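To keep things clear, I will list the structure first and then write my remarks on it.
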Amino acid sequence: MSKSKILVVEDEKIIAEAVIAYLEKNEYEVIWTADGNEAIRMFHENKPDMVLLDLMLPGISGEEICKIIRKESQIPLIMMTAKSSEDHIIDGLNLGADDYITKPFSPRELVARVQSLFRRVVNKDIVSNQILLFNQSDLKIDCEAVEVKKKDEIINLTQSEYKLLVTMAKSPNRTYTRDELIQYAFHEDFDGFDRTIDSHIKNLRSKIETDSANPNYIVTVRGVGYKFNGEKQ
């Protein structure tokens, strides 16, 4: 079986060397660049299985790289940065990052997060051979193909958004607390906090709702959490 390929975008050589050494020790194939513009080229040419992305880079910022990648792919992506405030973390997740680790960090912790994110990608716990249809086929969730369509148009969701959607859609009208969503959608593979769930829900609404300000599918239950309100066919 071929090794998973990881693109590391990091302009601090000492950090990059440590990250690469630990990833290679754990049997990952690593490609590396210190330049933002070069990162885009390498992403297109090498088709990595995951991206580890610094934010403060020469050429083009990590935030812009994330935006470009998310327009084309839902590949797993972890941001690595010294920007450690809660607002920065929320901003990174809103851009489409699957995880966010702040500097200084332990390379061992980073590898653990990489392994955790890869597990999420291949986790079959919520995947079964069925198609879920809601609101007269306005929303279609193909659990076998891991594909979501809105009015027959494919919607690109991150792994986290997909897991949250399927978890709630399989139990329409059930209200989930944030802790329950973490438990049922992510199991042990979650290192965030309550506002992380809110951020994923916001992104999910922007993709599947006709009017995200007045959602029909993912409804906020004030003081409790969220529920999926679609009418199942």
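From the phi of every residue in the range 209-224, what ³J(HN,Hα) in whole Hz does the Karplus formula 6.51 cos²θ - 1.76 cosθ + 1.60 yield, where θ is phi - 60° and glycine or proline is x?
8, 5, 9, 5, 6, 10, x, 9, 8, 9, 9, 7, 9, 3, x, 10
Can you sort Ser160, Ser73, Ser199 so the residue with the fewest Cβ neighbours within 10 Å comes first?
Ser73, Ser199, Ser160
Greater than 32 Å separation of Cα atoms is the criterion. Which listed pairs, Lys25/Lys227; Lys67/Lys150; Lys103/Lys150; Lys5/Lys149, meet it?
Lys25/Lys227; Lys103/Lys150
Dipole of the chain, Cα-centred, from +1 at each Lys and Arg C-beta and -1 at each Asp and Glu C-beta, to the nearest 20 debye?
Its charge dipole is roughly 700 debye.
If one takes the longest principal axis of the Cα atoms in the chain, at what angle in degrees, from 0 to 90 and to the nearest 10, does the Cα axis of helix 62-72 lie?
50 degrees
Using amide H atoms built 1.01 Å from N in the peptide plane, name the residues 5+ places from Trp32, or on other chains, whose amide H lies under 5 Å from its own.
Amide H to amide H, under 5 Å and 5 or more residues apart or across chains, Trp32 pairs with Val8.
Could you work out [θ]222 nm for the chain from helices alone, using -39500 (n - 2.57) per DSSP H run of at least four and dividing by all its residues? Round to the nearest 500 deg cm²/dmol.
Taking each H run of at least 4 residues, the total per residue is -12000 deg cm²/dmol.
Neighbouring Cβ atoms within 10 Å as the yardstick, rank Leu117, Leu77, Leu23 fewest first.
Neighbour counts put them in this order, fewest first: Leu117, Leu23, Leu77.
At a threshold of 8 angstrom on Cα-Cα distance, excluding pairs fewer than six apart, so keeping six or more, what relative contact order does the range 77-170 reach in percent?
19 percent
In whole Hz, with x marking every Gly and Pro, tabulate ³J(HN,Hα) for the range 75-87 from phi via Karplus 6.51 cos²θ - 1.76 cosθ + 1.60, θ = phi - 60°.
3, x, 9, 10, 8, 10, 7, 7, 6, 10, 6, 4, 4
Once the Cα atoms of helix 194-208 and of the chain are each reduced to a long axis, what angle between those two axes, in degrees from 0 to 90 to the nearest 10, is obtained?
70 degrees
Could you give the angle, 0 to 90 degrees to the nearest 10, between helix 159-169's Cα long axis and the longest principal axis of the Cα atoms of the chain?
Roughly 10 degrees, rounded to the nearest 10.
Taken together, the values in this text are just the output of simple stated rules run on the coordinates, not laboratory data. Everything quoted here is computed from the prediction, not taken from an experiment. Cβ sites come from the backbone with ideal geometry, for glycine too, and all protein chains shown count toward neighbours.
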